[in-house]
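Participant: I'd like to ask you about the structure that follows.
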There are 2 protein chains.
Amino acid sequence: MSESAAGMIRVLVVDDHPLMREGIAAVIAGQDDMRLIGEASNGAEAVSAYAALHPDVVLMDLRMPGMDGIEAIATIRAVSPRARIVVLTTYRGDVQVTRALLAGASGYLLKSSLRRELLDTIRDVHAGRRRVPAEIAAGIAEHLSDESLSPREIEVLRSVAAGNANKRIAAELGISEETVKAHMKNILAKLDARDRTHAVTIAIRRGIIEL
Amino acid sequence: MSESAAGMIRVLVVDDHPLMREGIAAVIAGQDDMRLIGEASNGAEAVSAYAALHPDVVLMDLRMPGMDGIEAIATIRAVSPRARIVVLTTYRGDVQVTRALLAGASGYLLKSSLRRELLDTIRDVHAGRRRVPAEIAAGIAEHLSDESLSPREIEVLRSVAAGNANKRIAAELGISEETVKAHMKNILAKLDARDRTHAVTIAIRRGIIEL
DNA sequence: CGGGCGGTAACCCTTTCGAGGGAGGCGGGC
DNA sequence: GCCCGCCTCCCTCGAAAGGGTTACCGCCCG
C-alpha cells in the first residue's frame, strides 16, 4: 500500500449507504490510476474529511441525514474553490442536482450508472472538465427559468404537504390567510399545477420539497 | 475459483444499481462461507436467473424498472416455494416491504445496512430463520389492520395525487361524484389525514402509491 | 431611476371540499 | 343466517380553495 503514488487520483466518497460505498470502493480498487483515500457518511463528515485529506475528487451523495450534500458542497467550495466534486444521485431529473451544480459541483452521476461511467467521470472531472449530461443541462435551463419557488413559497408548500389549511399556515407563519392564498396562487402558476395536491406531488418529484 | 464448494451459500443479487451490486459482491467476496453466483438488474431477469442457477439465497431490490421485486418474489415462490429471498429496500417503513413479506420473502434489509448486518441476514435466512426486525414486524401489524386502502380507494387516491377534482375522478372511473366523496371520506379516516393533500403525502411515504 | 420580483394584504365571487347524516346491493367469513 | 367490508348513491351545509383584481413596500439590477 504505497503512500500517495505519483499521478494517482485520490478519491473521497461520501454516501450514507455503506454498501454503495463498498461498491464504489471495489470499482476504484480495480484501477491503477486512482485510489480511494477516505469515506464519509454525511455532509459534516465530508467537510472535515475534505479538510484533512484534500482529495483530488469527491463523490458526493445528495440525500443524507444531517448536513446534506448541497450544503457540504457549498461549504467545501467556500474554503477550497478548486475542489472537484461529482454529485451522486438516485433520481433522474432531480432539481437538487441543479442546486448542487450551482453550489460548485463539476459533475453529475446517477447511481444507476455503470462502472465505466463512474470511472470516466472521475477521470474527466479530475482533468478539469465539467461532466454534465446534455439532458441534465437542458433540464437546468428549464427549471431555473420558471419553476423555481421562492423561499417563502417553499415554506408554504411544505406546510400544505403536511396537510395544513391556509388559515393554519397563516397562523404558523404569522401572516394573513390572504397572503397565504396569494403565495398559493403563485405556486400553482409556477408549477403549472391543477390544485394544491398536484403542486405538492410535482414539488416532491422535482426535489423542491422532501417527504 | 472452485465450482460450488460444499457448504457454500450460493447468492443471487438483484438490483438495478450496478454500483450497489458491486458493493454487495465485494462484501460477499470477503467471506469464505458464501459466494455470489449471479446478478440480475430487474424482476424478469431475476426469475430466469433463479430458474437457471437455483441459488440458496436471493437478495432482491424492490423498486426496479420493468417487473418489480414483489412480482418477481411471487413468481419465484410460485415455482419454488422453498426459495429464500431477502428484500433490499432504501426506505424505512415502506409498505412495499409488507407486500414482499406476504409474497414470500424471508428477510428484510435496508440499503443503509452495515456489511455485518448484510452477512448476518444472509446466513440467518439460509439457515431457515426469518429475519424481520421488530420495528418492521410491528409496522406490518399496524398497517395491515387499519391503514390498508381498498383497490378502489387506491385508484381514487392516485387520481387525487395527479391533481384531479372529485368531479373529474368520477368521470374517469365512471362513478358519481358522491361516490368519490364517499371514498375520500374513507381514505381520510383510514390514513388519519387532515385533507386530500395530506392523504397523498402519507400514502407516498407508506408506499401505497408511487410518485 | 424605473421596472421587476418577492412579500404582504385586501376585496369579490364561484367552485370544491369535507363533515354530517342515511341507504341499498353484494360478497365472504363466522 | 348474519354481520362486515366494499362499492355504490343520495341529501344538506358550512368551510375551504382558488380565480380575478388591485395595491403598497423594499430591494436589486439594469
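The values are calculated or read from the model by the stated rules, or taken from the named source; none is laboratory data. Note that the structure is a prediction, hence the values are computed from the model and not measured. No Cβ is skipped: glycine too gets one built from the backbone with ideal geometry, and neighbour counts run over all protein chains shown.
Participant: Scan segment B:163-177 and give yes if some residue there is more than 10 Å from DNA strand C (Cβ to nearest atom), among the small types (Gly, Ala, Ser) and buried (at least 17 other Cβ atoms within 10 Å of the Cβ), otherwise no.
Facilitator: no
Participant: Any residue in segment B:52-65 that is at positive phi, surrounded by fewer than 17 Cβ atoms within 10 Å (Cβ to Cβ) and in the same structural domain as residue B:39 (by TED's automatic domain parsing)?
Facilitator: yes
Participant: Would you pick out the residues in segment A:151-170 that are in contact (Cβ under 8 Å) with a residue 24 or more places away in the chain and near DNA strand D (Cβ under 10 Å from one of its atoms)?
Facilitator: The answer is A:160, and nothing else.
Participant: What pairs come out if I take residues in segment A:19-34 that are facing another protein chain (nearest Cβ under 7 Å) and pair them with residues that are part of a helix (DSSP H, G or I) and of a type in the set (Gly, Ala, Ser) whose C-beta lies under 6 Å away, six or more apart or interchain?
Facilitator: A:19/B:23; A:20/B:23; A:22/B:23; A:22/B:26; A:23/B:23; A:26/B:26
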